[in-house]
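Notes follow the structure.
Read-outs throughout are calculated quantities, based only on the coordinates presented, and are distinct from any laboratory measurement. Only a predicted model underlies this, so the values are computations on that prediction, with no experimental measurement involved. With ideal geometry, Cβ positions are generated from the backbone for all residues, glycine too; neighbour counts draw on all protein chains shown.
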Amino acid sequence: MPKIFTEQDREVLRRSLLDTGFCILKQQGLSKLKIDVVAKECFIAKGTFYRFFESKSEFLYQISLYERQRAKDVLKTHLNSQGELTAAELYHYLCWLYKENPNIFAYMTADEKKWLLREWPSDHIENESNDEQTMVMLIGLLEEPKKQPDWKCACNLMKMVAASLTVPEMFIEEAFEDTLHCLLRNIVACITEQEFS
């Protein structure tokens, strides 16, 4: 990369590449997510792209990390003045997650998912240890967590929401939204004592 790029310039460009890549993936699918298109959209040469990301699969992994961090940043906006999360705010955050759907796999075909999972090293793939850390972090933010929160059930329900968003055509269309909101309410009920409407 030319020396005229400062670290700040590099970070702005990196974010632009990640945002552009995710936008193309969401709107057009993985088959249309081409490196030369991303580079052109960000007004850089294709070679400059490869100074940031070594391959398309690495780019997708970085998009997933970037979207995960963005989701954590949005979660912070739902905390009250004591830095805690009420049941109602947890529900609103989960609604945002469902509407925004930052899961890159939701925009891929089954074959594309298989390809990506083959391409990624094993440390790029989610596991139960990561699930537990995420749920412990979330429960730790709650204003009134259950005395014995069922994090595994809550985690599975979250995965059910994520999975349903990847194949919405499997469900009865007119009940899909209500079903998702039922799942979201049950996630909240698994880990907090607070009632909410």
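Return the sequence-ordered ³J(HN,Hα) values of segment 43-50 in whole Hz as given by the Karplus equation 6.51 cos²θ - 1.76 cosθ + 1.60 applied to θ = phi - 60°, using x for Gly and Pro.
Listing the rounded values in order: 6, 10, 6, 4, x, 5, 3, 6 Hz.
Mind pulling the per residue volume of the convex hull built on the Cα atoms of segment 38-152? Å³ is fine.
Cα-based convex hull of segment 38-152, divided per residue, equals 146 Å³.
Connecting C-alpha atoms closer than 10 Å in a GNM of the chain, tell me which of 185, 70, 51 has the biggest fluctuation.
Comparing 185, 70, 51 in a Gaussian network model of the chain, the most mobile one is 51.
In terms of Cα to Cα distance under 15 Å, which aspartates and glutamates are near enough to residue 147, apart from those fewer than 8 places away along the same chain?
193, 195
Using only the alpha carbons of segment 1-53, determine the length spanned along each of the three principal axes and report them from longest to shortest in whole angstroms.
34, 18, 16
Quick one: compute a quarter of the convex hull surface over the Cα atoms of the chain and quote it in nm².
13.1
As I understand it, the value is the acute angle between the Cα axis of helix 56-77 and the longest principal axis of the Cα atoms of the chain; what does it come to in degrees, rounded to 10?
Relative to the chain, helix 56-77 is tipped by roughly 40 degrees.
If you keep only loop residues by DSSP, which GluC sites (Glu not before Pro) in segment 71-179 have at most 15 other Cβ atoms within 10 Å of their Cβ?
Passing both the DSSP loop test and the Cβ count: 84, 126.
Over 18 Å between Cα atoms: which of 32/113; 114/152; 40/114; 32/159; 56/159; 72/113 fall into that group?
Going by Cα-Cα distance, 114/152; 40/114; 32/159; 56/159; 72/113 fall outside the 18 Å limit.
What are the residues whose amide H is under 5 Å from the amide H of residue 142, where those residues sit 5 or more places off or on another chain and H is modelled from the backbone?
85
Using a 10 angstrom cutoff on alpha carbons, build the Gaussian network for the chain and name the most mobile of 12, 136, 38.
Result for the chain, Cα springs under 10 Å: 12 fluctuates most.
What do you get for the angle between helix 173-191 and the principal long axis of the chain? Use alpha-carbon atoms, 0 to 90 degrees, nearest ten.
70
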